[in-house]
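Throughout, read-outs are computed from the coordinates displayed, never taken from laboratory work. Please read these numbers as outputs of a predicted model, since none were measured by experiment. All Cβ positions, even for glycine, are placed from backbone atoms using ideal geometry, and neighbour counts span all protein chains on display.
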Amino acid sequence: MEQLQLSLVVLTEVFGKAGAVRMLAKPLAQNDNSKQQIYLGGSFDVLNEIPFGHVQPDDRGKVPTFKAPLDLSWLTADGQFAKAPGAQLILYPRYPEVRLSGFLKGCTAAPSEHMRPVPLDQRGDKNAWDGRVLFLGITGDDRVLAFLSLPGSVLSRNFELLRAGGGLRSTGRLFALPPPSPLGLTPPETRDALLAALRDIAGLGPTPSIRLNREGKSKPYAATNGGGYTLEALLGIRPNGRSEPDYLGWEIKAIGSDRVTLMTPEPDGGFYGENGVKSFLLKYGRPRGADIYFTGTHKVGVQNASGHKLMLQGFDAMKQKIDDVNGGIVLMMNDVVTASWSYAALLDHWGRKHAQAAYVKYEKQSNPGPLYSFTGPVMLGTGTDFGMFLSALECGLVVYDPAPKIADVHGARPVIKARSQFRVRVGSIGRLYHAFETVKLLP
């Protein structure tokens, strides 16, 4: 395929026809090879750019890591795509850095001859761009398309000229290229499209509480938590449990109080993780009438009135680095782990959901109602990494604020609700993002 001297225009068209909606480029150095892996960046920011699978800790080597599989395929000489089943991201939390590995394994169509380590007597500046460029196309269903251009090729020259123009956004060592098709939008374009939609919604004034069902049909919704569902319905977002952004790559959060819920992952360890929410509530919950609750604000290092203390295990707060890949957020009582969330699972969730987030303020009117007015302003956060979340948790800006319950515990049909919430005050949201702005929706 390289002998055809593909231009960037042609490659963009090929990737677009294969489903790509975003394009990335990584200029390679001599150190970027099959032995030393491909260096993507010196923080976990790049996880916002590349879709990945379930994160797993790996402490078998000298340097403990997290690993996450990629659904990566190489463009072949006949215009098809061949999957590289061994492709994965390796996250080194102690540095931190992210590398691409296994991109040749199990794929005979991969450009193996151009990814070999350079012999010692032929090496130059190991970190300088050597003319190769790895192009990645990100599809709407989270596949990664790959193509390697060689030094002096039309593609590499196209990239060099584009980067020299200074208009390319970069995350780590990845550069975002113009989108592959009219359906693909750059981050500035998605921001403008999101703001336009929110301004239209703000102009509606008080809106009856609604929720979309699975078929996308609007239904009245009378529960007290209708603000978020109504905003999502007005944006055409169907409720789902997927850890993916909601609208044009943006996570949407409706704010009706001074605190906002960042994420609601269930514990995967401790008594709760091993036995489930019902057993946890029966053991540690507090009765309130016919119901049992587990509530209260839990800050790291501070014992709650319930006797529980939230801790971060395996995180160096001074360096803002994870030093134990098997660690996590731990809820303890009398030296017993009652619930825990592994860093691996939380990394997966945070990296997918919070690369771009919009926090929209609303007002609620109860009579007649409920009615919601999404007049804003809206707060936009872009660029984050998991270390920022853990640091905010460590210093008490982010708290664990659970609300699981068993309703009518002794009745014939008790209702169990799981609700593990990590929350932050509105005034501290900006501490979680590299870039943060507040935008008015109405004049």
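Remarks
- Computing FRET efficiency as 1/(1 + (r/R0)^6) for residue 169 and residue 36, where r is the C-beta to C-beta distance and R0 is 35 Å, gives about 0.85.
- Near residue 213, once Lys and Arg are set to +1 and Asp and Glu to -1 for all other residues with Cβ below 14 Å from its Cβ, the sum equals +3.
- Percent breakdown of C-alpha pair distances by 5 Å bin, ordered from the shortest bin, for the stretch 2-177: 1, 8, 17, 22, 23, 17, 8, 3, 1
- Positive-pole candidate from 287, 218, 337, dipole of the stretch 187-439, charges at beta carbon: 287
- Over 22 Å (Cα to Cα) - which of 299/440; 35/62; 26/62; 253/364; 67/299 fall in this group: 299/440; 26/62; 67/299
- For the pair residue 290 and residue 264 in one chain, pulling the backbone fully straight at 0.36 nm per residue adds 6.8 nm over the alpha carbon distance.
- Whole-Å semi-axes of the ellipsoid equivalent to the chain (Cα gyration tensor, √5λ, descending): 42, 28, 19
- Potential extension, residue 9-residue 438 segment - 0.36 nm per residue separation minus Cα distance: 150.8 nm
- Set of aspartates and glutamates near residue 217 by C-alpha distance (under 14 Å), chain-local residues within fewer than 8 positions excluded: 232
- Candidate cross-link partners of residue 319 among the aspartates and glutamates, defined by an alpha-carbon separation under 15 Å and a same-chain spacing of 8 or more, comprise 97, 385, 394.
- The local environment of residue 177, defined by Cβ-Cβ distances under 15 Å, has a net charge of +2 under the rule Lys, Arg +1 and Asp, Glu -1.
- Span from the the stretch 323-386 Cα centroid across to the the stretch 42-114 one, whole angstrom: 27 Å
- Cβ crowding within 10 Å averaged over residues, with 10-17, 210-217 ranked highest first: 10-17, 210-217
- Counted by Cβ distance under 12 Å from residue 278, the other residues give a net charge of +3, where Lys and Arg count +1 and Asp and Glu count -1.
- For the chain, a crude dipole built from +1 on the beta carbon of Lys and Arg and -1 on the beta carbon of Asp and Glu, taken about the Cα centre, is about 880 debye to the nearest 20.
- Student exercise, the stretch 187-439 dipole from Lys, Arg, Asp, Glu Cβ charges, in Debye to nearest 20: 780 debye
- Computed over the chain: relative contact order in percent, which uses C-alpha pairs under 8 Å that are six or more apart: 17 percent
- Of all DSSP beta bridges confined to the stretch 277-397, the antiparallel ones make up roughly 95%.
- Remark: relative contact order (the stretch 195-296) = 15 percent; criterion is Cα-Cα distance under 8 angstrom and separation of 6 or more residues.
- The alpha-carbon of residue 278 sits under 20 angstrom from the alpha-carbons of these lysines, leaving out residues fewer than 8 places away in its chain: 405, 417.
- A convex hull fitted around the alpha carbon atoms of the stretch 187-439 yields 144 Å³ per residue.
- Only helices enter the 222 nm calculation for the chain: every DSSP H run of n ≥ 4 contributes -39,500 (n - 2.57), and dividing by all residues gives -5500 deg cm²/dmol, rounded to 500.
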